[in-house]
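Enquirer: Questions regarding the structure given below will be posed in turn.
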Amino acid sequence: MPIIRLKNINKKFGKNPILSGFNLEVNHGEILALLGPSGIGKSTALRIIAGLEKPDSGSMEIGTTHIGYVFQEARLLPWDTALNNVALPLRAMGIKKHEAIDRSRYFLSRMELSKFEKMLPHQLSGGMRQRVSIARALAVNPKILLLDEPFTGLDKRLKDRMKSLLESSLDINKTALIQVTHDHSELLDRTDRTVYLGNL
């Protein structure tokens, strides 16, 4: 059974239709890309899957509540360290502090950020902040990981390195991944399937 099943999803903002009759199924462990121009509804589909938006109509089945989300902007707490930013959702889940810190350190190390765990976001480069946000999303052991163009604006060398670091962490718990992008060069090398969204 798919871990994500969207059927005939419709969503408008005002009178503007964003998604119309949208269908999508994603299997456990599958890496899927949603590709298409800006404003076509890719990010809206992610937000619906994550429960951040409600569709106007249609049905959906999401087979887990363990969902990680990486936005185009890192969205870190500016007054707290990289380590505590990663640990924050773990503590919110009720995980004990020492376990949350240990898990956060592990995923920061996977993102090659062990030396920067005590730094505040403004002390980190843009690419490093994005790696912190990826570590934060992975630390919750998501069954679904949603990527909303997190590599946009990065140079090719950094983009390729971040994709490699992310892909090396996906096999931990058979994570299903959906990546939204308008740029073919940002697609993960291990992408299993690409869904193109065009104009309505």
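Enquirer: Does residue 128 satisfy the condition of being farther than 28 Å from residue 4 by Cβ and crowded, with 18+ Cβ neighbours inside 10 Å?
Expert: So residue 128 passes the test.
Enquirer: While we're here: For the stretch 47-67: of the residues being under 15 Å from the mean Cα position of the chain (by Cα) and among the hydrophobic types (A, V, I, L, M, F, W, C), which is surrounded by the fewest Cβ atoms within 10 Å (Cβ to Cβ)?
Expert: 52
Enquirer: Of everything in the stretch 109-118, what is within 23 Å of residue 163 (Cβ to Cβ) and either part of a helix (DSSP H, G or I) or over 22 Å from the mean Cα position of the chain (by Cα) (or both)? Give them in sequence order.
Expert: If we filter the stretch 109-118 for residues that are within 23 Å of residue 163 (Cβ to Cβ), which is where we start, we get 109-117.
Correct list: 109, 110, 114, 115, 116.
Enquirer: Taking the stretch 62-86, which residues are under 17 Å from residue 145 (Cα atoms), hydrophobic (A, V, I, L, M, F, W, C) and not in a loop (DSSP other than H, G, I, E, B)?
Expert: Answer for the stretch 62-86, where residues must be under 17 Å from residue 145 (Cα atoms), hydrophobic (A, V, I, L, M, F, W, C) and not in a loop (DSSP other than H, G, I, E, B): 62, 67, 70, 86.
Enquirer: Another one. Evaluate the stretch 93-108: report whether one residue or more is among the hydroxyl-bearing types (Ser, Thr, Tyr), part of a loop (DSSP other than H, G, I, E, B), under 26 Å from residue 164 (Cα atoms) and at pLDDT 90 or above.
Expert: No; the residues of the stretch 93-108 include none that is among the hydroxyl-bearing types (Ser, Thr, Tyr), part of a loop (DSSP other than H, G, I, E, B), under 26 Å from residue 164 (Cα atoms) and at pLDDT 90 or above.
Enquirer: Still on this structure, I have one more. Could you list, in sequence order, the residues of the stretch 37-46 that are buried (at least 17 other Cβ atoms within 10 Å of the Cβ) and either without any contact (Cβ under 8 Å) to a residue 40 or more places away in the chain or of a type outside the set (Ser, Thr, Tyr) (or both)? Step through it out loud before you land on a result.
Expert: Going through the stretch 37-46, the residues buried (at least 17 other Cβ atoms within 10 Å of the Cβ) turn out to be 40-46.
Matches in the stretch 37-46: 40, 41, 42, 44, 45, 46.
Enquirer: Right, another one. Given (1) more than 17 Å from the chain's Cα centre (by Cα); (2) under 30 Å from residue 21 (Cα atoms); (3) surrounded by 20 or more Cβ atoms within 10 Å (Cβ to Cβ), where does residue 145 come up short, assuming only one miss?
Expert: The number of the failed condition is (1).
Enquirer: Would you mind stating whether residue 135 is over 27 Å from residue 5 (Cβ atoms), in contact with a Phe, Trp or Tyr (Cβ under 6 Å, 6 or more places away or on another chain) and among the aliphatic types (A, V, I, L, M)? Talk me through it step by step, then tell me what you get.
Expert: Working: over 27 Å from residue 5 (Cβ atoms): yes; in contact with a Phe, Trp or Tyr (Cβ under 6 Å, 6 or more places away or on another chain): yes; among the aliphatic types (A, V, I, L, M): yes.
Yes, satisfied.
Enquirer: Related question: Keeping to the stretch 68-82, report how many residues are in contact (Cβ under 8 Å) with a residue 40 or more places away in the chain and either charged (D, E, K, R) or buried (at least 19 other Cβ atoms within 10 Å of the Cβ) (or both).
Expert: 8
Enquirer: Is it the case that some residue within the stretch 119-140 is touching a residue at least 40 places away in the same chain (Cβ under 8 Å), on the phi > 0 side of the Ramachandran plot, out of contact with any Asp or Glu (no Cβ under 8 Å at 6 or more places or on another chain) and part of a loop (DSSP other than H, G, I, E, B)?
Expert: No: zero hits.
The values are calculated or read from the model by the stated rules, or taken from the named source; none is laboratory data. Values in this document were obtained by computation on a predicted structure and should not be read as measured data. When we count neighbours, we look across all protein chains shown, and the Cβ atoms used for this are built from the backbone with ideal geometry, even at glycine.
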